[in-house]
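Participant: Dropping the structure in here first, questions after.
The values are calculated or read from the model by the stated rules, or taken from the named source; none is laboratory data. Note that this is a predicted model, so its numbers are computed, not measured. So basically every Cβ, Gly included, is an ideal-geometry build from the backbone, and we count neighbours across all protein chains shown. Surface accessibility is based on the protein's heavy atoms, side chains included, excluding ligands, DNA and RNA. Shrake-Rupley method; radii C 1.70, N 1.55, O 1.52, S 1.80 Å.
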Amino acid sequence: MSVKFDNEGFAVESGYTTVYVVDEQGVFTHSEEQFVSEGGGLPANAVLDAPKPAKQGFAVQRVGNQWQYIEDHRGEVYYDKATKAEAAISELGEIPENLTALKPTCENCEWDGDNWVISAEKQAEVKAQKLQQFIDGIDNKAASIYSIWTRFEQEYTSRENAAKAFKEANYQSEPSRFIADFATKAGIDNKTAADLILVQAEGLRKLLVELANQRMRKYELKKDGLTEDEMQAIYDDIIQQMDNLAEAYQNG
């Protein structure tokens with residue numbers, strides 16, 4: 001049996017009654033049974049009349065002596081139209097004008113009033129930046145490989161010249177230490193060592209030419225009408241071909 005209250009809100013008898021509890025913003029949270037002593041009243045955050053039924057996207061709020069609906073987007077994620085930064089709603093009420101529920105499509109898009117878009121100018125700027133990144137990546141890759149292949153360039157040249165001279169002498173002259181030492185360490189004769197030096201030198205020249213050819217393929221990226229995906233595919237292939245050359249060098 002519910003407790004009766006007088007006109008001033010005090011219980012005329014002791015007992016339990018159903019109350020509807022609100023939080024500090026007046027939003028209904030739950031109902032519960034509370035014991036009220038005769039002459040006592042309800043706590044400030046509880047009322048006797050039932051709230052409006054739940055409604056999607058709204059909170060039921062107590063304002064004065066009335067229940068009302070108020071938009072409730074608390075905990076939902078939105079995005080700042082100017083900065084694209086993620087923002088979580090923490091207050092009751094309508095979504096602020098500077099926010100949208102639409103997630104930015106990429107870091108270069110801008111809000112046009114209805115959607116996230118990339119302007120033609122921005123697209124051109126982004127594509128130019130991407131092109132330069134690809135070109136720099138190709139040049140840096142080639143430079144890295146070249147620095148390994150040519151770090152003993154003077155030694156390679158001297159060894160090759162010695163091998164040429166030995167071959168031109170029909171392998172009969174006194175071999176240079178470049179040949180003799182190599183032959184001893186490799187466990188082969190001087191003629192075989194000289195021929196192998198010449199083969200390796202010619203192989204390195206071919207690799208250098210092919211590395212240069214791959215590096216110059218960067219101009220393929222400048223063809224009109226290429227999409228970013230097509231540019232990426234060309235770049236990936238060039239880098240892969242350079243890696244193959246580096247592996248070929250490693251394998252002799």
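Participant: Looking only at region 135-156, count how many residues are open to solvent by 70 Å² or more (accessible area, probe 1.4 Å), within 29 Å of residue 182 (Cα to Cα) and either under 27 Å from the mean Cα position of the chain (by Cα) or free of Cβ contacts under 8 Å to residues at least 60 places away in the same chain (or both).
Facilitator: Residues that pass the stated criteria total 5.
Participant: Follow-up. Quick one: is residue 167 more than 20 Å from residue 139 (Cβ to Cβ), at pLDDT 95 or above and not hydrophobic (A, V, I, L, M, F, W, C)?
Facilitator: yes
Participant: Quick one: how many residues across region 1-17 are open to solvent by 70 Å² or more (accessible area, probe 1.4 Å), more than 60 Å from the chain's Cα centre (by Cα) and aromatic (Phe, Trp, Tyr)?
Facilitator: Total satisfying the criteria: 1.
Participant: Further question on the same structure: Can you tell me how many residues within region 102-111 are surrounded by 11 or more Cβ atoms within 10 Å (Cβ to Cβ) and not in a strand (DSSP E or B)?
Facilitator: Total satisfying the criteria: 6.
Participant: Would you check if there is a residue in region 86-108 being touching a helix residue (DSSP H, G or I) at 6+ places or on another chain (Cβ under 8 Å) and under 30 Å from residue 126 (Cβ atoms)?
Facilitator: yes
Yes/no per residue for (1) more than 43 Å from the chain's Cα centre (by Cα); (2) part of a strand (DSSP E or B):
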{"residue": "19", "(1), (2)": "yes, yes"}
{"residue": "25", "(1), (2)": "no, no"}
{"residue": "43", "(1), (2)": "yes, no"}
{"residue": "67", "(1), (2)": "yes, yes"}
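Participant: Here is a check on your reading of the model: is residue 124 more than 19 Å from residue 5 (Cβ to Cβ), more than 20 Å from the chain's Cα centre (by Cα), of a type in the set (A, V, I, L, M, F, W, C) and not in a loop (DSSP other than H, G, I, E, B)?
Facilitator: Details: more than 19 Å from residue 5 (Cβ to Cβ): yes; more than 20 Å from the chain's Cα centre (by Cα): yes; of a type in the set (A, V, I, L, M, F, W, C): yes; not in a loop (DSSP other than H, G, I, E, B): yes.
In short, yes.
Participant: Collect the residues in region 40-83 that are β-branched (Val, Ile, Thr), touching a Gly at 6+ places or on another chain (Cβ under 9 Å) and surrounded by 14 or more Cβ atoms within 10 Å (Cβ to Cβ), keeping them in residue-number order. Don't jump to the end; show me each part of the working.
Facilitator: Going residue by residue through region 40-83, those that are β-branched (Val, Ile, Thr) are 47, 60, 63, 70, 77, 83.
Then keep just the ones that are touching a Gly at 6+ places or on another chain (Cβ under 9 Å); that gives 63, 70.
Selection gives 70 alone.
Participant: Any idea which of 133, 56 is of a type in the set (S, T, N, Q) and closer than 25 Å to residue 235 by Cβ?
Facilitator: Result: 133 is the single residue among 133, 56 that is of a type in the set (S, T, N, Q) and closer than 25 Å to residue 235 by Cβ.
Participant: Would you check which residues across region 220-229 are assigned to a helix (DSSP H, G or I), open to solvent by 30 Å² or more (accessible area, probe 1.4 Å) and in contact with a helix residue (DSSP H, G or I) (Cβ under 9 Å, 6 or more places away or on another chain) and list them?
Facilitator: Let us first name the residues in region 220-229 that are assigned to a helix (DSSP H, G or I), namely 220-222, 228-229.
Those still in the list that are open to solvent by 30 Å² or more (accessible area, probe 1.4 Å) too: 220, 222, 228-229.
Correct list: 220, 222, 228.
Participant: Select, from 38, 33, the only residue that is among the charged types (D, E, K, R), at pLDDT below 95, within 21 Å of residue 5 (Cα to Cα) and not in a loop (DSSP other than H, G, I, E, B).
Facilitator: From the options 38, 33, the qualifying one is 33.
Participant: Looking at region 47-78, which of its residues are within 20 Å of residue 18 (Cα to Cα) and among the acidic types (Asp, Glu)?
Facilitator: Of everything in region 47-78, just one residue is within 20 Å of residue 18 (Cα to Cα) and among the acidic types (Asp, Glu), namely 49.
Participant: Write out, first by first residue and then by second, each pair whose Cβ atoms fall under 9 Å of each other, whose residues are 6+ apart or on separate chains, and whose first residue, in region 186-206, is open to solvent by 50 Å² or more (accessible area, probe 1.4 Å) while the second is assigned to a loop (DSSP other than H, G, I, E, B).
Facilitator: Final answer for the pair search is 190/171; 190/175; 191/171; 191/175; 196/188; 200/252.
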